[in-house]
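Q: Before I ask anything, here is the structure I am working with.
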Amino acid sequence: MRRETLQFEQDEAIAFDLLLATPFVVVRRACPRRDWIPVGLRGSSRSERYGGWLHRDSVLGVYDPSSLKAVQTRRALPSFEALRLLQRRWTGMELEWGPVGSVGFELATGVEAVSPESDLDLLIQAPQPFSRAFARELIECGATLPATLDVQVTTNAGSFALAEYAYQQGAVALRQLGGSVLVSDLWCDSAASVA
């Protein structure tokens, strides 16, 4: 990868050294720039996270979270076991979903990123609304998993925490590129939905 196709916002020399060791980036939430994708670089610890911009012509491949749940791993860690159990429990769910965070990163890259304490971070893609009762059912399926479940839901309007939607009455925080807003309709991208 040519340096002019990837720009980091801080510690550029350290970030490029890390990129040589682990040549993968993840898409991060930020307003895109013309022809540039906001990306993040993961190191071996949380203190080794670097934000940057990748020129779209430099993208060699993309892993969608929903494709990662089929990737097999032999590592016997709680978050991987939780993913295997949840796949059985959520069989038949029509929404696209899959692992993100350290589990998704490790399944996509083969680079060990998951620890025994890692949560299972999931992303559900929900272009159409679903009920709070359904959200509670999904969470209850994960109540006895060997790892803590943290689920984000993406809609055309932004993303939100499944647990907050399931158990909080009224407006819910919707994360958008410009920041978070409290909304009553998580699937409406109109400013009129702001509570």
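The values are calculated or read from the model by the stated rules, or taken from the named source; none is laboratory data. Values in this document were obtained by computation on a predicted structure and should not be read as measured data. Cβ placement follows ideal geometry from the backbone for every residue including glycine, while neighbour counts extend to all protein chains displayed.
Q: Quick one: is ARG29 outside the structural domain of THR91 (by TED's automatic domain parsing), crowded, with 16+ Cβ neighbours inside 10 Å, touching a residue at least 60 places away in the same chain (Cβ under 8 Å) and out of contact with any Cys (no Cβ under 6 Å at 6 or more places or on another chain)?
A: So ARG29 does not fit the description; no.
Q: Related question: Being in contact with a Cys (Cβ under 7 Å, 6 or more places away or on another chain) and basic (Lys, Arg), is that true of even one residue in segment 82-91?
A: There is at least one residue in segment 82-91 that is in contact with a Cys (Cβ under 7 Å, 6 or more places away or on another chain) and basic (Lys, Arg).
Q: Now for a separate question. Residue check: is VAL62 touching a residue at least 24 places away in the same chain (Cβ under 8 Å) and over 14 Å from THR144 (Cα atoms)?
A: no
Q: Would it be correct to say that ARG46 is part of a loop (DSSP other than H, G, I, E, B), farther than 18 Å from GLU106 by Cα and charged (D, E, K, R)?
A: Against the criterion (part of a loop (DSSP other than H, G, I, E, B), farther than 18 Å from GLU106 by Cα and charged (D, E, K, R)), ARG46 does not qualify.
Q: For segment 129-152, how many residues meet the condition of being outside any helix (DSSP H, G or I) and touching a Leu at 6+ places or on another chain (Cβ under 9 Å)?
A: Residues flagged as outside any helix (DSSP H, G or I) and touching a Leu at 6+ places or on another chain (Cβ under 9 Å) within segment 129-152 amount to 13.
Q: Report, by residue number, each residue of segment 98-124 that is in a strand (DSSP E or B), under 10 Å from GLN152 (Cβ atoms) and of a type outside the set (A, V, I, L, M).
A: The one that is in a strand (DSSP E or B), under 10 Å from GLN152 (Cβ atoms) and of a type outside the set (A, V, I, L, M): ASP121.
Q: If you scan segment 115-151, which residues turn out to be closer than 27 Å to ALA76 by Cα and either hydrophobic (A, V, I, L, M, F, W, C) or in contact with a His (Cβ under 6 Å, 6 or more places away or on another chain) (or both)?
A: Listed by number, the residues that qualify are LEU120, LEU122, LEU123, ILE124, LEU138, ILE139, CYS141, ALA143, LEU145, ALA147, LEU149, VAL151.
Residues are listed down the side, and each one gets a yes or a no for (1) touching a Phe, Trp or Tyr at 6+ places or on another chain (Cβ under 8 Å); (2) aliphatic (A, V, I, L, M):
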position	(1), (2)
ARG74	no, no
PRO78	no, no
ALA82	no, yes
ARG88	no, no
PRO99	no, no
VAL103	yes, yes
PRO116	no, no
ASP121	no, no
